[in-house]
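Notes to accompany the following structure.
The values are calculated or read from the model by the stated rules, or taken from the named source; none is laboratory data. The structure presented is a predicted model; accordingly, all values stated were derived computationally and were not measured. No Cβ is skipped: glycine too gets one built from the backbone with ideal geometry, and neighbour counts run over all protein chains shown. The accessibility values were calculated without ligands, DNA or RNA, using every heavy atom of the protein model including side chains. Shrake-Rupley method; radii C 1.70, N 1.55, O 1.52, S 1.80 Å.
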Amino acid sequence: MKCPFCAGPSHVVDTREVSEAIRRRRECDGCRQRFTTYERVSAANLQVVKGDGRREDFSRDKLVHGLRLACAKRPISTDAVEGIAADIEGQLYRLGRSEVPSEVIGELVMDRLQSLDDVAYVRFASVYRRFTDLGVLADEIERLREMKERERAQRDQMALDL
Ligand SMILES: [Zn+2]
């Protein structure tokens, strides 16, 4: 990397991972000025492998769109939706792979929605897992309800322990 001040060669003095990027502090071998660079994995470099084996470029817009549909008319702010999309995008890049199966993205989204909003979660899961009959969907809702009840019981237990 050329020094932006004198165009001489530089070396890395510190490397740190920040959200979605690698931050490097560099020092010029000539003029000794320090500067910072950020390396990002370009979105175009991340391919999503669909269930049928087809590949397409990862699209953050598509992810946001899917989240918005799931969160429609729920008490979830646009900022929260954008934040989840940014987090998931960051997680995907940190995997450091050029290809990611679509299921991995689906699971990451479901993890987030599950703790955020039951309705949004079930909506997303019903589309994503393509529940073909309502029985499967009902099972999923029941499983979710039981899990929440267990969590509540655990919280109550913890409150008693205090
Ligand atoms: Zn320099």
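I need the Kirkwood Rh of the chain: take the reciprocal of the average 1/r across all distinct C-alpha pairs and report it in angstrom.
Working: mean 1/r = 0.0525 Å⁻¹.
Hydrodynamic radius (Kirkwood, Cα only) of the chain equals 19.0 Å.
Hey, what does the equivalent ellipsoid look like for region 6-82, semi-axes from the Cα gyration tensor as sqrt of 5 times each eigenvalue, largest first, whole Å? If you can, show how the numbers build up before the last one.
On the way: eigenvalues 306, 67, 14 Å².
Those come to 39, 18, 8 Å.
Given a 1.4 angstrom probe, I'd like the percentage of the accessible area of the chain that is carbon and sulfur, rounded to a whole number.
Details: 5370 of 10590 Å².
So the carbon and sulfur contribution to the accessible surface is 51 percent.
So which lysines pass the test for Lys50, namely a Cα distance under 23 Å, with those fewer than 8 places away in the same chain ruled out?
Partners within reach: Lys62.
May I ask for the angle, rounded to the nearest 10°, between helix 60-71 and the longest principal axis of the chain, with both axes built from Cα atoms and the value confined to 0 to 90°?
20
Please calculate how many Å² of accessible area the chain carries per residue, with a 1.4 Å probe and no DNA, RNA or ligand atoms counted.
Working: 10590 Å² over 162 residues.
That works out to 65 Å² per residue.
What value, in deg cm²/dmol to 500, does the helix sum -39500 (n - 2.57) over DSSP H runs of n ≥ 4 give at 222 nm once divided by the residues of the chain?
On the way: 5 runs with 83 residues, N = 162.
Mean residue ellipticity at 222 nm (helix-derived): -17000 deg cm²/dmol.
List the pair-distance distribution P(r) of region 52-115, using every Cα-Cα distance, as the percent of pairs falling in each 10 Å bin from 0 up to the bin containing the longest distance, rounded to whole percents.
Bins of 10 Å from zero give 19, 56, 22, 3 percent of pairs.
Would you work out which of Leu95, Met147, Val122 lies farthest towards the positive end of the dipole of the chain, given +1 charges on the beta-carbon of Lys and Arg and -1 on that of Asp and Glu, about the Cα centre?
Of Leu95, Met147, Val122, it is Leu95.
Where does each of 144-151, 4-11, 21-28 land if you order them by average Cβ count within 10 Å, highest first? The partial results should precede the final answer.
On the way: 144-151: 11.2, 4-11: 13.9, 21-28: 16.5.
Top of the packing list down: 21-28, 4-11, 144-151.
As an exercise, use a Förster radius of 41 Å and the Cβ-Cβ distance of Glu99 and Ala159 to find the FRET efficiency, rounded to the nearest 0.05.
Numbers: r = 45 Å, r/R0 = 1.11.
Using R0 = 41 Å, I get an efficiency of 0.35.
Just to confirm the number: angle between the C-alpha axis of helix 134-161 and the first principal axis of the chain, 0 to 90 degrees, nearest 10?
80
Can you order the peptides 94-100, 80-86, 57-63 by their average number of other Cβ atoms within 10 Å per residue, highest first? Let's see the in-between values first.
Details: 94-100: 12.0, 80-86: 17.1, 57-63: 15.1.
Ranked by mean Cβ neighbours within 10 Å, highest first: 80-86, 57-63, 94-100.
Does anyone have the angle between helix 118-128 and the longest principal axis of the chain? Alpha-carbon axes, 0 to 90°, nearest 10?
Long axis of 118-128 versus the principal axis of the chain: about 80 degrees.
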